[in-house]
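Structure, as structure tokens:
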Amino acid sequence: MSLGSVPLRYKVDIDREQCMRCMRCVDNCSYGAFRNEEGKLIVNSRKCTACHRCISMCPRDAISLKDRPVDYRAHPLWTSEAREDIINQSRTGKIVLAGMGNAKDFPSIFDRLVLDACQVTNPSIDPLREPMELKTHIGKKPSRLEFEETVDGDIKVLNEIAPNLELQTPIMIGHMSYGAISLNAQRSIAQAVAKVGTFMGTGEGGLHESIYPYQDNTIVQVASGRFGVDINYLERGAAIEIKIGQGAKPGIGGHLPGEKVCSDISCTRMIPYGSDAISPAPHHDIYSIEDLAQLVRGLKEATEWKKPVFVKVAAVHNVAAIAAGIARSKADAVVIDGFRGGTGAAPKVFRDNVGIPIEAAIASVDKKLNEQGIRNEISIIASGGIRNSADIAKSIALGADAVYIGTAALIAMGCRVCGNCYRGLCPWGIATQREDLVDRLDIDSGAQQVANLINAWTYELSELMGAAGINSIESLRGNRERLRAYMLDEGMLNVLQVKPVGA
Amino acid sequence: MKLDNKIAIDANDIHYTQLNKLIRKAVAEKATDIVIKNVLGQRFIASGLRAEINIDIYGVPGGDLGMFMNGPICNIYGNCEHAPGNTMDYGKIIVHGSTGDASAHSMRGGEMYVRDRIGYRGGIHMKEYDQKKPTLVVGKSADDFLGEYMAGGLILLLGIGQEAPFYGRGIGSGIHGGRIVIRGEIEDKYLGLGVKRLDMDTSLLNEVQSRIKEYCNYFNLDATKLLDENYTVLGPASSRPFAGKYTWE
Ligand code: SF4
Ligand code: SF4
């Protein structure tokens with residue numbers, strides 16, 4: 001033990017004057033930071049993960065929490081994190097895993113973009129009075145329509161229209177599998193999307209029976225492990241998504257550790273109890289863009305061309321060219337997951353260093369598809385670090401059709417982004433399979449909160465649109481004229497195709 | 001008793017979607033047997049098909065034959081392109097010839113018998129669950145990465161009339177479930193990471209013997225000689241191959 005211990009990550013303090021020794025914090029902390037010793041409340045700060053469960057449950061506001069209470073010698077390069085990772089790895093010789101999205105201090109592009117509003121020359125629209133069209137259709141659109149007049153004077157569309165998903169709002173909930181999150185969390189999300197008329201992703205975890213009632217609002221995922229995938233699963237989903245990559249860990253596969261594979265998960269994923277669920281890095285039937293097109297067609301053929309098929313890729317350097325390749329397959333939508341996308345567990349070196357921001361990825365994909373005249377062939381769904389309705393409005397103005405939210409939906413159910421999902425002890429009942437913890441998440445309230453969030457953002461979107469004199473989400477899509485960049489460099493402006501403020 | 005109802009389809013010059021429509025139509029018409037002639041590269045034949053039916057295919061089917069298939073027995077009189085039996089659920093694919101890469105990819109149940117050779121990545125990520133146990137039997141040879149990432153089921157490679165090696169490198173790398181059984185001795189250099197040599201136990205021996213008999217039955221071969229041979233049994237060193245690779249933040 002020549003390395004000794006590293007300093008406390010968090011320090012929990014109890015205001016003893018305030019504390020009434022109700023011991024709720026003891027009961028609520030699944031990490032064991034509190035204990036009750038003969039009526040005395042004892043705190044072990046080393047066990048704290050800053051999940052805030054105790055703080056939110058304390059009736060007396062008696063708990064305070066401090067991040068990194070012990071200073072190191074200040075050094076801009078050798079941050080405490082850099083030092084502690086080295087200590088960890090020199091002890092273990094292993095790859096460091098971490099939770100949630102990219103935690104590095106990269107500047108946010110969203111925060112350097114501002115939206116437009118009408119003044120004098122073109123009036124803004126009052127969304128209370130005028131109808132605002134937020135309905136979004138995801139899927140292939142014909143490049144032109146052909147009509148015919150019938151004998152009784154009606155107009156008939158002659159094109160065969162590919163199946164599309166109809167969303168009441170351009171906000172969907174991304175793929176979080178049963179296994180990564182609890183069944184109660186997934187059920188809350190399912191109820192919420194059904195209520196507001198949008199869709200959720202199942203993740204690569206199969207489709208649990210209790211989600212069947214909401215299957216018309218789910219997008220089933222086919223990833224490299226092919227877990228839980230059979231023809232019934234494919235037919236139940238409203239759409240099918242092929243997952244190639246994920247923003248939090250582009251280029252590598254995933255695996256659900258065996259200890260998380262309980263009997264219910266084992267039967268949903270269709271794998272043995274307690275065995276690791278390993279998703280290899282590539283799909284081993286996809287080694288090229290042609291192979292991807294083959295899987296897209298394979299899924300369509302198996303479901304008799306009734307389901308839209310999406311392809312999800314991580315935002316990487318070449319994402320525009322990759323998306324153009326995807327658009328030329330029979331795929332209906334490309335999902336781009338930016339480097340801030342969340343995850344239960346990813347190697348930290350990937351989470352923090354691989355991939356590009358979603359803002360740049362959307363703009364470059366939209367631009368490339370426009371240049372090639374195939375933008376209408378495919379919808380663009382953006383995900384990875386979307387925090388509010390402004391991020392959504394900006395994503396759409398940069399060229400997205402709709403967004404997937406993930407972490408935001410978890411926060412709506414209680415998550416405080418503590419980043420300890422991988423430990424399976426989530427005190428909010430979200431990223432855990434422990435029954436007593438899962439029970440803490442009430443499905444109806446969870447669903448209501450998630451629905452509230454989507455509704456609130458939808459209101460804000462219509463207000464933002466109205467202020468900009470836009471009454472249909474379609475007119476915002478790819479409408480970079482409604483964006484200006486505040487202190488972004490010229491290279492970035494070219495990528496985004498956005499003018500600087502004042503121009 | 002179910003009456004025989006044989007329906008013939010001529011695949012000459014028709015697109016795979018059209019062909020699958022005809023197959024589904026035949027199923028709807030309660031066919032017990034479908035005979036498809038003149039198959040030339042049509043992909044996805046019987047893809048996603050749920051039916052207890054016998055399908056005879058003459059010619060060379062394209063990729064992903066029997067993908068997500070659940071139930072049918074397909075006899076192919078010819079070679080197959082890549083990935084027959086991809087993510088197949090249940091049923092049988094019997095190939096009187098050879099198949100391409102990623103044969104039986106992610107197969108979850110059912111059986112596949114290939115008379116001759118398979119390409120690279122055969123049986124990759126095959127997995128079993130509960131009653132479902134996929135089986136891939138290959139008569140002659142397989143290329144590299146046989147049974148890679150395998151999570152369950154059985155791969156049996158017979159090497160009939162072949163001198164070793166009739167297999168490539170990287171056999172079973174990342175395997176975390178199931179068994180790969182290969183005729184004769186195998187040098188270590190052909191084995192992938194995470195593979196362990198295991199002893200043949202009685203239940204596996206019984207299974208192997210009955211699979212060999214079934215294989216010989218389909219292709220009119222004499223099983224006695226094959227049953228006499230020694231087999232190498234390969235399985236996972238652990239059902240959790242990555243457990244020791246990571247540390248938490
Ligand atoms: S929950 Fe608050 S009041 Fe109750 S014991 Fe803990 S710190 Fe004290
Ligand atoms: S979901 Fe994960 S990050 Fe959120 S509170 Fe639970 S363990 Fe922490």
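Could you tell me what percent of the accessible area of the protein assembly as shown is made up of carbon and sulfur, with a 1.4 Å probe and every protein chain present? All intermediate terms of the calculation are to be shown ahead of the outcome.
Numbers: 15620 of 31970 Å².
Accessible surface attributable to carbon and sulfur in the protein assembly as shown totals 49 percent.
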Longest exposed-site-free window of chain A, the sites being GluC sites (Glu not before Pro) in a DSSP loop that have at most 12 other C-beta atoms within 10 Å: A:161-503
Charge tally in the Cβ shell below 14 Å around A:R16, where Lys, Arg are +1 and Asp, Glu are -1, A:R16 excluded: -1
In nm, spacing of pseudo-spin labels at B:K245 and A:D216 (7 Å Cα→C-beta vector): 4.3 nm
Residues in segment B:101-139 that, when all protein chains are in place, have 50 Å² or more less accessible area than the chain alone would give (probe 1.4 Å): B:H105, B:R108, B:R121, B:H125, B:K127, B:Y129
Neighbour net charge for A:I374 - beta-carbon separation under 13 angstrom, K R +1, D E -1: +3
Residues of chain A: accessible area per residue with a 1.4 Å probe, Å²: 43 Å²
Degrees separating the helix A:443-467 axis from the principal Cα axis of chain A, which is the longest one: 50 degrees
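Counting DSSP beta bridges with both partners in segment A:182-321, what percentage is antiparallel, nearest 5?
Details: 3 of 13 bridges.
Of the beta bridges lying entirely in segment A:182-321, close to 25 percent run antiparallel.
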Between 0 and 90°, nearest 10: helix B:16-28 axis offset from chain B longest Cα axis: 80 degrees
Protection proxy ranking of A:113-125, A:221-233 - average other beta-carbon atoms within 10 Å, highest first: A:221-233, A:113-125
Overall dimensions of chain A as given by Cα atoms, namely Rg and Dmax in Å: 24.1, 91
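Show me A:345-351, A:444-450, A:413-419, A:246-252 ranked by packing, highest mean number of other Cβ atoms within 10 Å first. Intermediate values should be presented prior to the final figure.
Details: A:345-351: 22.9, A:444-450: 18.9, A:413-419: 20.6, A:246-252: 24.7.
Top of the packing list down: A:246-252, A:345-351, A:413-419, A:444-450.
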Interface residues in segment B:38-68 - accessible area drops by 50 Å² or more relative to the isolated chain, probe 1.4 Å: B:F44, B:R50, B:F68
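Out of all DSSP beta bridges in the protein assembly as shown, what portion is antiparallel? Express it as a percent rounded to 5.
Values: 33 of 111 bridges.
Here the share of antiparallel DSSP bridges comes out near 30 percent.
Could you sort out which of A:K104/A:K348; A:K243/A:K300; A:K94/B:K127; A:K104/A:K243 sit more than 19 Å apart by Cα distance in this structure? Before the final figure, lay out each step's value.
On the way: A:K104/A:K348 10 Å; A:K243/A:K300 15 Å; A:K94/B:K127 28 Å; A:K104/A:K243 25 Å.
In this structure, A:K94/B:K127; A:K104/A:K243 exceed 19 Å between Cα atoms.
Exactly which trypsin sites (Lys or Arg not before Pro) in segment A:96-204 are in a DSSP loop and have at most 16 other Cβ atoms within 10 Å? Before the final figure, lay out each step's value.
Details: sites: A:K104, A:R112, A:R129, A:K135, A:K140, A:R144, A:K156, A:R187, A:K195; in loops: A:K104, A:R129, A:K135, A:K140, A:R144.
Hits after loop and neighbour filter: A:K104, A:R129, A:K135, A:R144.
Just to confirm, what accessible area per residue do you get for segment B:98-170 at 1.4 Å probe, in whole Å²?
On the way: 2080 Å² over 73 residues.
Computed with neighbouring chains in place, this is 29 Å² per residue.
Taking the Cβ-Cβ separation of A:Y72 and B:K37 as r and a Förster radius of 56 Å, what is the calculated FRET efficiency to the nearest 0.05?
Values: r = 77 Å, r/R0 = 1.37.
The formula returns an efficiency of 0.15 here.
Residues of A:263-276, mean number of Cβ from any other protein chain within 10 Å of their own Cβ, rounded to a whole number? Present the calculation step by step, with values, prior to reporting the outcome.
Values: counts 0, 0, 0, 2, 2, 0, 2, 9, 9, 9, 2, 2, 11, 10.
Mean shielding count: 4.
Indicate, rounded to the nearest 5 percent, the antiparallel portion of the DSSP beta bridges found entirely in chain B.
Numbers: 9 of 52 bridges.
Antiparallel bridges make up about 15 percent of those DSSP assigns within chain B.
To the nearest whole number, what is the average tally of beta carbon atoms from other chains within 10 Å of the beta carbons of peptide A:227-234? Intermediate values should be presented prior to the final figure.
Values: counts 5, 2, 5, 12, 13, 5, 1, 3.
Mean inter-chain Cβ contacts per residue within 10 Å come to 6.
Residue by residue through A:295-305, how many Cβ atoms from other chains fall within 10 Å of the Cβ on average? Walk me through the numbers before you get to the answer.
Values: counts 6, 0, 7, 11, 6, 4, 11, 11, 3, 6, 1.
Mean partner shielding for this stretch: 6.
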Segment B:197-242: GluC sites (Glu not before Pro) in DSSP loop, at most 14 other beta carbons within 10 Å: B:E229
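Among residues other than B:A28 whose Cβ falls under 13 Å from its Cβ, what is the net charge (Lys/Arg +1, Asp/Glu -1)?
+3
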Interface area, B with A, accessible, probe 1.4 Å, both sides summed, Å² nearest 100: 4000 Å²
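According to the square roots a ≥ b ≥ c of the eigenvalues of the Cα gyration tensor, what is the shape class of segment A:405-503, taking rounded for a/c under 1.5, prolate for a/b larger than b/c otherwise, and oblate for the remainder? Intermediate values should be presented prior to the final figure.
Working: a/c = 4.42, a/b = 1.98, b/c = 2.23.
It is oblate, given that a/c is not under 1.5 and a/b is not larger than b/c.
The values are calculated or read from the model by the stated rules, or taken from the named source; none is laboratory data. Since we're looking at a predicted model, the values are computed, not measured. Quick reminder, even Gly has a Cβ in these numbers, built from the backbone with ideal geometry, and neighbours come from all protein chains shown. Remember, those area values only see protein heavy atoms, side chains included, never the ligands or the DNA or RNA. Shrake-Rupley method; radii C 1.70, N 1.55, O 1.52, S 1.80 Å.
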